[in-house]
Amino acid sequence: MSESSSAPDPDREALSEAVLAADSPALLRSSAIVGGATLLSRVLGLVRDVVLANVIGANGNADAFFVAFKIPNFLRRLFAEGAFAQAFVPVLADTREKGGVAAVRELVDRVAGVLGGTLLLLTLLTILASPLVATVFAPGFLRDPAKLALTGDLIKITFPYLLLISLTGFAGAILNSYQRFAVPALTPVLLNLSLIAAALWLTPNFEEPAFALALGVLIAGFAQLLFQVPALAGIDLLPRPRWAPRHEGVKRILVLMVPALFGVSVSQINLLLDTVLASLLPTGSVSWLYYSDRLTELPLGVFAIAIATVILPTLSGQRARADDPAFSDTLSWAIRSVLLIAIPATVALAFLAEPLLISLFQYGAFGASDRVMAAVSLQAYALGLGAFMLVKVLAPGFYARQDMKTPVRIGIIAMGTNMVLNLAFVLPLMWWFNIGHAGLALATSVSAWLNAGLLYRGLRRDRVLNISGFPLAWITRIVVATLLMTAVLWGATPEIQLWDHWDAWQRGYRLLGVCLGGLLAYVTGLWILGLRPAMLRR
């Protein structure tokens, strides 16, 4: 029920304060908070992957674990971070603008009940049908019944993570809408800590280490959900789940979410298709793609996802108030910020692919041949990094306006292109160079650029993105500074043969020195070319 319009509404006053706080300095601060927390999580994620590479390497059982982990993790990005958040946040913003505290609480309770109930049923069905699920997502494992059976058993342990992390994502969407960004951003740290602990202390107690890692995933799900409780209680929005699929707000979210399930997650669907096809390639292909994808995720998660997380509530509020100039300014700021990182990160990842993989993963069960194979897929993924990042900040421009059809149409085009390119790239690379998995990564990158380009064109066509003030000088500065960085990387990076003979500490400090040298060159180049911190504001 709406509160009287003549009485002050604390919730609306809080929204107004949040909107006022959404000027560029606040966006920058919020992005820094989310980015800092995400950086911590990603660094721990690298530590996690270093440990995993030592414990299980890139063998058949490692492939089984990564498939079992990737299935709920992929669906998490749909329910927790992707389609659900894109559908829920605009509806929540609209409810806050037009209703009151009671309306928001009612929406939160009903959404919690429907989301939790639906995912609980899905989880139970998946556990019962785990062998079939393993076959669907890794058909190539049919050639190895033991690996297929192990994958099915691992899915039974890892899949409940979807229920737990999706509810965690729901809680995070609420907190982000109230400008409480720190807790949701820090939450992924718990997954990395749990997997590191499982790898170090649980695996010795299991005959098959993959089971200990799967248990670590499940424990992380409970920890991440419980971590949200105090923050939700602090804003008096701790959900009391109610099953009410006919509630008006729930129906609006479902209507928005169904097409968004596809549209916002095309890149993730493409990555999952890569896993399915990689299961048909030589043993180790799934693992090589996993390790290279993880390194690509570092700049993507720290910067693009942080910016997208911050701008979605801002865009939703601006749209609710019909503030089109501010809407356009926010999108333009996000694009400029992404390009500032994406261009040099693409070059650095491609150039330093082998040194990164040697320094981080080439120990224990992860050998030199695994490093070489993972490096080519990392370079292929790096070519699409800018597109992956742009999609993250362009898609909210549609979802904040509750336009789900356009990204879905674009997603279908991009996904179809990816499937065609998989065949075009994988078979030749497999026959001639035995690196078919790199063809999967390259197809994903090319289709991501198509996706980003069409999203950008759609925003321009709808006249919600005005970049008349977007200077060519901005791109020129970035490109020239990146060229300077590349020259430094070229001169400072030792020959690859030397890395094989160094121990972990030698590899680490030399890689750190090269990266810091490249970063210093890039920042210096930007400064010489006239870019100042104040210009990061929109």
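We did not get these values from a lab; they are worked out from the coordinates using the rules stated. This is a predicted model, so every value here is computed, not measured. With ideal geometry, Cβ positions are generated from the backbone for all residues, glycine too; neighbour counts draw on all protein chains shown.
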Farthest toward positive dipole pole in the range 471-538 [+1 Lys/Arg, -1 Asp/Glu at C-beta], among THR486, TYR509, LEU498: THR486
Unit charges on C-beta of K, R, D, E only; dipole of the chain, Debye: 1000 debye
Binned Cα-Cα distances of the chain, short to long, each 10 Å bin given as a whole percent: 4, 18, 29, 28, 16, 5, 1, 0
Number of Lys pairs (Cα under 21 Å; 8 or more positions apart or on different chains) in the range 10-470: 7
Protection proxy ranking, peptides 235-248, 149-162, 129-142, average beta carbon neighbours within 10 Å, highest first: 149-162, 129-142, 235-248
FRET efficiency, LEU516 to LEU200 (Cβ-Cβ, R0 22 Å, nearest 0.05): 0.15
Charge dipole of the chain about the Cα centre (unit charges at C-beta), most positive-ward option of PHE327, ILE528, ALA342: PHE327
Span per principal axis, largest first, for the Cα atoms of the range 471-538 (Å): 47, 19, 16
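Any chance you could run the full-extension gain for ILE496 through LEU254? It's 0.36 nm times the residue separation minus the Cα-Cα distance, nm to one decimal.
Working it through step by step, the gained length comes to 81.9 nm.
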Estimated [θ] at 222 nm from DSSP helical runs (n ≥ 4, -39500 (n - 2.57)) normalised by residues in the chain, nearest 500: -26000 deg cm²/dmol
